[in-house]
Amino acid sequence: TGTDAKPKKIILDYAYYSPVSLVLKDQGIAEKKFKAEDIGVEFVLSQGSNKALEFLSSESTDFGSAAGAAALLAKEKGTPIQTVYISSKPEWTALMAKKGTINSVADLKGKRIAATVGTDPYIFLLRALKEAGLSSKDVEIVNLQHSDGALAVQSGDVDAWAGLDPHMAKVELESDIQIFYRNPNFNSFSTLDVREEFAEKYPDYVEKVLEAYEEARQWTIAHPDETAEILAKEASISLEVAKKELERNDFSEPIPSDEQKAIIIGSGEVLKENGLLNSSTDVEKLTDKLFNSKFAEKILK
Amino acid sequence: MEHREHAVLSKANKTKELRFTKPKINRKVLLGSILPLTLLIIWEASGRMGIIESHLLPIPSVIVEGLYQMALEGTLWGHIGTTLMRVFAGFLIGTFTAVIIGSLVGYMKIFEELIDPIIQAFRSIPSLAWVPLFILWMGIGESSKVILIAVGVFFPVYLNMVAGIRGVDRKLIEVGKIYGYTSFEIVSKIILPASLPSLLTGIRSGLGLGWMFVVAAEIMGASKGLGYLLIVGQNTYSPDVIIGSIILFAILGKFTDWLLKFIEERSLRWQDSYANQR
Amino acid sequence: MEHREHAVLSKANKTKELRFTKPKINRKVLLGSILPLTLLIIWEASGRMGIIESHLLPIPSVIVEGLYQMALEGTLWGHIGTTLMRVFAGFLIGTFTAVIIGSLVGYMKIFEELIDPIIQAFRSIPSLAWVPLFILWMGIGESSKVILIAVGVFFPVYLNMVAGIRGVDRKLIEVGKIYGYTSFEIVSKIILPASLPSLLTGIRSGLGLGWMFVVAAEIMGASKGLGYLLIVGQNTYSPDVIIGSIILFAILGKFTDWLLKFIEERSLRWQDSYANQR
Amino acid sequence: MLSVEQVSRTFNKKQVGFSDVSFTVKEGEIIGILGTSGCGKSTLLRVLAGLDKDYTGKFTWEKEQVGMMFQEPRLMPWLTVEQNVGFGMKGDSNSTIQELLKLVGLAGFEKLYPKDLSGGMAQRTALARALVTEPKVILLDEPFSAVDAFTKMQLQKLLLSIWKQQNTTMLLVTHDIDEALFLCDKIFILRGQPGELYETIIISEPKPRDRGDFKLTTRKAEILSLLDLKQTV
Amino acid sequence: MLSVEQVSRTFNKKQVGFSDVSFTVKEGEIIGILGTSGCGKSTLLRVLAGLDKDYTGKFTWEKEQVGMMFQEPRLMPWLTVEQNVGFGMKGDSNSTIQELLKLVGLAGFEKLYPKDLSGGMAQRTALARALVTEPKVILLDEPFSAVDAFTKMQLQKLLLSIWKQQNTTMLLVTHDIDEALFLCDKIFILRGQPGELYETIIISEPKPRDRGDFKLTTRKAEILSLLDLKQTV
Ligand SMILES: Nc1ncnc2c1ncn2[C@@H]1O[C@H](COP(=O)(O)OP(=O)(O)OP(=O)(O)O)[C@@H](O)[C@H]1O
Ligand SMILES: Nc1ncnc2c1ncn2[C@@H]1O[C@H](COP(=O)(O)OP(=O)(O)OP(=O)(O)O)[C@@H](O)[C@H]1O
Ligand SMILES: [Mg+2]
Ligand SMILES: [Mg+2]
């Protein structure tokens, strides 16, 4: 309807788990882009997917960075959002344990595993168990925040941990806790989500934001060392850890397409089996409703 | 004759007062529920009329429905029971420790100078900040949760205990000294009863903090409890679960506080105070 | 002659006391630092000897080094300043509101019956649980952070204010009534000063809670502040940042509490209490 | 001025403070109230001052401005002596306060807090506080119980001089029979627990009186015997 | 029994409570302490009871077991009358408490809290509390200031009977000259602010004495004039 309407300002978030958003903010790309139109750009820090989605939900931001599965969960609970862009495909979660104690997912039977319920590592763990023919009933999942899980696996309170970067990278570097199972395709993506209302009112501006993101993504690919420095400085982690984290990020597929859809649907099914999604939910339909690739497709053509 | 009349008059008075005793309690409950009920009605109405979107703030009936479902499944009682047990245990430990240490600090200058400064510093450390330290020190077992709650309870009780003691009327302490009371007797027979009003306030404050620390405690590897429910609700974007657990916190908190208030009123009958005058 | 001797004696006494005034303060500081220093030394030593692994709990010197680095870069002052401002603003708002509402509730039965029950229920809602509600109601701006802190400060101040008022000696209130004081005059001229000791304890308790609520407040989209630092430390798994921010919380908390304690001691000089006797 | 009709006060539906007291007081009279300990004198004053509403019967004041000095000093512990004296006054009136403090012998102690006062000094502060607002009616509950015999006489004289200047109506509870005889126009004797008005003694001697007056000394024995509870009622 | 040598007490390095007091007391003596209000009588008792350590000079007790009744009742507000009376006793002793309560006229009021007592009843409770432990030495600070003339006489007799039974040494601060004359073997007069020991009056009349005794009445005038500060010192 109001295609020529113009927002007064656009509120974006930035998050340590989305390096592209950090580059976007650091390089001032969005500000430059919207300055000519006299539209203000504001940045809000999201400390996790859940906060990013809460901000979207309460209209505190217009665009938010969240893990794909998290966005799916929120969508099912009625949060009016759409996934319009994939800022990276990170391998940010894997299963870790003390060196030599656990060598495969099958060894987890009857063990205590730390994970944060509802987050990507948790979903990763469930999918890994499923693949190995186990279910959540065969193990004891201890709900711990990511950083607390890192502590608990080191002190021996739990036998394994579904880790998350940068905790994972740091633990790997500093102690004898090692990854024993990894699978990039069980990680959901770092997505960019927009409020539905915003997308309806200002479709042109969704495109413009995605253009900015696209610019930032290209810059990220071209300047890996600078990106690591930005990440290290913003998140106050060491350069070493930042580099390790970036190595595990794949910035090559920005458009939400069928491949991504398949991974998200896989996560959704596992969530459903474990009661985090309503048993009557049709995961495929829900994912269709969540994904909107038309903006990204348009600007990339 | 005149005397007679008078006696009759005062008797009439008496029955009148007796008759009013029962309804008084009801009136209190009634008045107290006006505000919460009004809020509930506005909330429900604006939810139904679409002023508040349900993904932001589900309407009360949906939340109650959800809680009812959990009650039917039986999981609700597990959550409530677990949290109640933890708060209760932590409350007891925290209060007990605070009374002991508070008495020492309030009564003996040397203790005050030695340990009060560090306690005051610890007091402002947020509950979430304690979590990693507790995992390091005590692991993620039940005891570490209970102790974390006890830490929360400790500070207000301690503060009020010390303040209560320092405010005890010098005149009464002198009476104990005249009878050759030992320090311990002076504390137990004069200082503790005299600082009881302040202590009870501290205990009520402490219980409130105990409820607050539950969330931090149940971040530490819980699989049951209201705090766990709240965090899972936040992680899975379920506003009904979040609000449901908040409401449970409020109800349980109110109920336990009411118990303490009841004890407070009973044990402060002797006070020649503004409250007892009415 | 005898008189003379006596005068000399009492003069000697005087100078002795004067001489001791200065060292007394130092002695207090000294005694107060024994415990923290001992802890620090044990910690540092056991870290250096490898009893505590540094990636779990870094040694103090590393943490101080980190803080020093931040101070050099200048970011530290930004964090401290931001948080101080938020706590200060929230503290003022919370205390002010609590004194007003507490006075009304303590003094007028009808207010107590109307709003006390719901306040008591809200009191046990954990800080983290408020976060989504505050984001909903007030967004993630500065004001929503300050108000959240004010909520934390409110409850203990309120509780102590009400308890203080209810404990005011009936006898003193009657004096006011004799002079035909209005309710407002009775509150401001008798009840408030008489409940000052209790109120001050509540204010100190409230300040502590203010510091605790900062973390919850700074979860709401902050990019500066000690709570932010703490959460970033947890999210990026940097134990030195976590412990560093905890230490800053402790120091700032201790410092602000010391300010309040100072005010407390000055304004309670009139108390004929155990504390003033010594 | 004041008429009291069958006023009683019962605590908690059982314990009786005093019962069925009736009397009248004319303007400018000084009334003494004597009675055994615990017979309800203080409670009667509290009722008349309007502090205690749970009485039966009725009474009416003609004047409204009633001052009162309680049995305990009841000083505000957070105020100094001079601030306590000025507690009931509106506006600035430092000179009046200083003057009265001098009259009750507390000049030089203005800045002390109540905790640093002796018992008698606290009582005199309370007296000054009651007098400084110059009420038309003043209720005094054992105003001189804590001061020495000599100071007491001076303060009695002070009361009389105020009465002369302002024709103040006074109700004075006291245990000192000499004091009642020296100051009062009428003496009510309360007896028993609950107390009842047992006897009214009228002293028509003009004031100021001579303390050694023989007529008064004889009445002292009479009052003393009235206070003896073992006597037949 | 007790010898006091040049004891002084100064508050906050400036305000003097009393100064340079010296006297001796023999076992079984009843000592009266009279003085103008604020001259340091209560402070003196506090020092002698060991409650106030900041004095100069020295004093020694032969007996240790000192009882004290303060100027204010100082009842524990959370204890009932009988619990307050039993406050200083070890072990069960209900019968002693009940008996003493009867003697001070408080039978029937055992279960009341201090807030429900009249001034005189509170004072009598405090008296009972001081007497119930049967101390060898007892310090009394205006013990009868809040009771009526008749009750006062009865309580004075009670004191005398206890003195007779147990040969208790008593130091009695009072403002009632008649009382001092009726009870005491020696009367110390303190004067001024800070108070100094101005005069010692010895009354050799055997106890119990006759209240109307003419010899005593003459001394009353003497004491009264001693209390007058305007007199030349
Ligand atoms: N804590 C204190 N600090 C300062 N001055 C004090 C303190 N206690 C008492 N005084 C002063 O010491 C003096 C003596 O007080 P004390 O109570 O002994 O008098 P007293 O003889 O008992 O008088 P009264 O007959 O009125 O009870 C008074 O001038 C009083 O102001
Ligand atoms: N709040 C109360 N509750 C119950 N009983 C009370 C209360 N206040 C006073 N009384 C009782 O009322 C009676 C009269 O008390 P009141 O204080 O009037 O006596 P009084 O004549 O002033 O005695 P005194 O000369 O000892 O001061 C006493 O028996 C007392 O126990
Ligand atoms: Mg009385
Ligand atoms: Mg005295």
Gap in Å between the Cα centre of the stretch B:36-54 and the Cα centre of the stretch C:213-253? 36
Can you compute the charge dipole magnitude of chain D about its Cα centre, using +1 on each Lys and Arg Cβ and -1 on each Asp and Glu Cβ, nothing else charged? Give it in debye, rounded to the nearest 20. 200
Which semi-axis lengths, in whole Å and largest first, follow from the square roots of five times the eigenvalues of the Cα gyration tensor of chain E? 29, 21, 17
For C:Tyr107, E:Tyr198, which order do you get if you count the other beta carbons within 10 Å of each Cβ and list the fewest first? E:Tyr198, C:Tyr107
Rg followed by Dmax, in Å, when the stretch C:218-278 is reduced to its Cα trace: 18.1, 53
Dipole of the stretch A:183-299, positive end: most advanced residue of A:Tyr205, A:Ala232, A:Phe186 [Cβ charges, Cα centre]: A:Phe186
Could you work out the helix-only [θ] at 222 nm for chain B, with each DSSP H run of four or more residues adding -39,500 (n - 2.57) and the total divided by the number of residues, to the nearest 500 deg cm²/dmol? -27500 deg cm²/dmol
Trypsin sites (Lys or Arg not before Pro) lying in DSSP loop within the stretch E:55-108, provided at most 15 other Cβ fall within 10 Å: E:Lys63, E:Lys90
Point-charge dipole on Cβ atoms (K/R +1, D/E -1) for the stretch C:73-277, about Cα centre, debye to 20: 280
Ranked list, fewest to most other Cβ atoms within 10 Å of each Cβ, for E:Cys184, E:Cys39: E:Cys184, E:Cys39
For the stretch B:129-200, the charge dipole (Cβ of Lys, Arg +1; Cβ of Asp, Glu -1; about the Cα centre) points to a positive end, and the Cα of B:Leu148, B:Leu133, B:Val168 closest to that extreme belongs to B:Val168
Output ³J(HN,Hα) for the stretch A:260-276: one whole-Hz value per residue in order, computed from phi by the Karplus curve 6.51 cos²θ - 1.76 cosθ + 1.60 with θ = phi - 60°, and x for Gly and Pro. 5, 4, 4, 5, 5, 4, x, 4, x, 4, 5, 4, 5, 4, 9, x, 7
How long are the semi-axes of the ellipsoid equivalent to the protein assembly as shown, from square roots of 5 times the Cα gyration tensor eigenvalues, in whole Å, largest first? 76, 33, 27
At 1.567 mPa s and 4 °C, Stokes D of the stretch E:73-188 from Kirkwood alpha-carbon radius, µm² per second: 89
Give the relative contact order (percent, whole number) for the stretch C:79-158; include only Cα pairs under 8 Å separated by 6+ residues. 57
Label spacing, shortest first and in nm, from E:Ser93 to its equivalents in the remaining copies (7 angstrom along Cα→Cβ): 5.1
Go ahead and estimate [θ] at 222 nm for chain E from helices alone: -39,500 (n - 2.57) per DSSP H run with n ≥ 4, summed, over the residue count, rounded to 500. -10000 deg cm²/dmol
Footprinting proxy, B:Trp258, D:Trp61, A:Trp161: sorted fewest to most Cβ within 10 Å, the residues are B:Trp258, D:Trp61, A:Trp161
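Which loop GluC sites (Glu not before Pro) in the stretch D:81-168, with loop taken from DSSP, have no more than 10 other Cβ atoms within 10 angstrom of their Cβ?
Sparse-neighbourhood loop GluC sites (Glu not before Pro): none present.
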Average beta-carbon neighbours from other chains, 10 Å sphere, peptide B:76-84: 0
D:Gln154 label point, 7 Å along Cα→Cβ, cut-off 20 Å on backbone N: hits in the stretch E:166-186? E:174-178
Sequence-distant or interchain residues sharing an amide H contact under 5 Å with A:Phe180, placed H: which? A:Leu95, A:Met96, A:Ala97
Working from the alpha-carbon coordinates of the stretch B:76-228, get Rg over Rh, Rh being the Kirkwood radius. 1.07
Given points 7 Å out from each Cα along the Cα-Cβ axis, report the B:Met85 to A:Glu37 separation in nanometres with one decimal. 5.8
Work the Kirkwood hydrodynamic radius out for chain B: mean of 1/r over every pair of different alpha-carbon atoms, inverted, in Å. 22.3
Top of E:Ser19, E:Ser161, E:Ser93 by mean-square fluctuation, Gaussian network on chain E, Cα under 10 Å: E:Ser93
Assuming 1.567 mPa s and 4 °C, estimate D for chain A with Stokes-Einstein, Rh taken as the Kirkwood radius over Cα pairs, in µm²/s. 66
Taking the simple approach of a point 7 Å from Cα along Cα-to-Cβ for both E:Glu222 and D:Glu27, what is their distance in nm? 5.1
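Charges at C-beta only: +1 for Lys and Arg, -1 for Asp and Glu. How large is the resulting dipole of the protein assembly as shown about its Cα centre, in Debye rounded to 20? Mind showing how you got there, number by number?
Details: 146 positive and 148 negative charges, 901 e Å.
Charge dipole, the protein assembly as shown, about its Cα centre: 4320 debye, nearest 20.
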Using a label point 7 angstrom from Cα along Cα-to-C-beta, what distances in nm, from shortest up, separate E:Lys215 from the other copies? 3.5
Count the DSSP beta bridges whose two residues both fall in chain A, then state the antiparallel fraction as a percent rounded to the nearest 5. 65
In whole angstrom, and with the biggest value first, how far do the Cα coordinates of the stretch A:39-166 range along each principal axis? 56, 27, 22
Centroid-to-centroid separation of the stretch E:96-127 and the stretch E:145-186 [C-alpha atoms, Å]: 18
Under the convention of a label 7 Å out along Cα→Cβ, give the distances in nm from E:Thr200 to the same position in every other copy, shortest first. 5.3
Which whole-number percentage describes the relative contact order of chain D, with Cα contacts under 8 Å and a sequence gap of 6 or more? 27
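Short version: what are the Cα gyration tensor semi-axes of the stretch E:15-98, square root of 5 times each eigenvalue, largest first, in whole Å? Kindly include the intermediate steps, with their values, before the conclusion.
Numbers: eigenvalues 169, 57, 31 Å².
Equivalent ellipsoid semi-axes, largest first: 29, 17, 13 Å.
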Report the Cα centroid-to-centroid distance between the stretch A:203-273 and the stretch B:140-188 in angstrom, as an integer. 56
Under 5 Å from the placed amide H of A:Tyr14, counting only residues 5+ away or on other chains, we find A:Val44, A:Leu45, A:Ser46
Out of B:Val214, B:Gly74, B:Ser103 - ranked by how far each Cα lies towards the positive end of the dipole of chain B, with unit charges on the beta-carbon of charged residues - the top one is B:Ser103
In percent, what relative contact order does the stretch B:212-264 have, based on Cα pairs under 8 Å that are 6 or more apart in sequence? 23
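Rule-based calculations on the coordinates, nothing more; no lab input. Since the model is a prediction, treat every value here as computed from it, not as a measurement. Using ideal geometry, Cβ is built from the backbone for each residue, glycine included, and neighbour counts are taken over all protein chains shown.
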